[in-house]
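Undergrad: First the structure, then my questions, so here it is.
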Amino acid sequence: MLTSPLHAQATDAEKEADLLRQLAEAESPDAAARIDGELRALWGRSGSAAIDLLLRRGRDALEAGRPDEAVEHFSAAIDWAPDFAEPYVGRASAFYLTGQAGPAIDDLRQALVLNPNHWEALQGFAAILEEVDRPEDALEVWRRVHDMNPQNPQASEAVSRLERSLDGRTL
């Protein structure tokens, strides 16, 4: 029996909601890492071998320290699949590594429009907010990341650090 695209989207949305619930309730870093891997795999499915190849090439370029090349691959993926969040997240990382915080923020925003639960995009956004000296906004976003994944050590550390630094300031 063939599954309709709408049925597949509903099934993916249900799976995502279940994985996000499991991630928020994970009792250990290992359990959270396993669930996060499942979420990443779900979010990384474009449904197109060509888009998947562009994503892989972009990620490989990032890992090899070639962010300019990565921007090109992720941009091509966006051209072909503008409603797919993953290439925006990847391109945001590449832009950030090339010192282009503005385009990185734009891509993170678009990724979050397409997938508001993408904790990696939220984490990138929070880090940039801290860098541009907006600690109150960064704390709000880091708290959201922490709520989604309490086992995330970066989020836990950032929330604690920002709460300490903002202690006594009006939020």
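The values are calculated or read from the model by the stated rules, or taken from the named source; none is laboratory data. What you see is a predicted model; the values in this text were computed from it and never measured. We place every Cβ from the backbone using ideal geometry, glycine too, and count neighbours over all the protein chains shown.
Here is a yes/no grid of residues against (1) touching a strand residue (DSSP E or B) at 6+ places or on another chain (Cβ under 8 Å); (2) in contact (Cβ under 8 Å) with a residue 40 or more places away in the chain; (3) in a helix (DSSP H, G or I):
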position	(1), (2), (3)
GLU14	no, no, yes
ASP18	no, no, yes
ALA24	no, yes, yes
ILE35	no, no, yes
SER46	no, yes, no
GLY58	no, no, yes
GLU69	no, no, yes
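Undergrad: Name the single residue that is surrounded by the fewest Cβ atoms within 10 Å (Cβ to Cβ) among those in region 77-104 being within 20 Å of GLY65 (Cα to Cα) and of a type in the set (A, V, I, L, M, F, W, C).
TA: The selected residue is ALA101.
Undergrad: Answer with yes or no whether GLU69 is under 16 Å from the mean Cα position of the chain (by Cα), of a type in the set (D, E, K, R) and either surrounded by 15 or more Cβ atoms within 10 Å (Cβ to Cβ) or closer than 26 Å to SER156 by Cβ (or both).
TA: No: the conditions fail for GLU69.
Undergrad: Tell me the residue from ASN149, ASN117 that is under 17 Å from GLU16 (Cβ atoms) and surrounded by fewer than 20 Cβ atoms within 10 Å (Cβ to Cβ), please.
TA: Among ASN149, ASN117, only ASN117 is under 17 Å from GLU16 (Cβ atoms) and surrounded by fewer than 20 Cβ atoms within 10 Å (Cβ to Cβ).
Undergrad: Here's something else I'd like to know. What is the number of the single condition among (1) in a helix (DSSP H, G or I); (2) modelled with pLDDT under 95; (3) not aromatic (Phe, Trp, Tyr) that ALA77 does not meet?
TA: (2)
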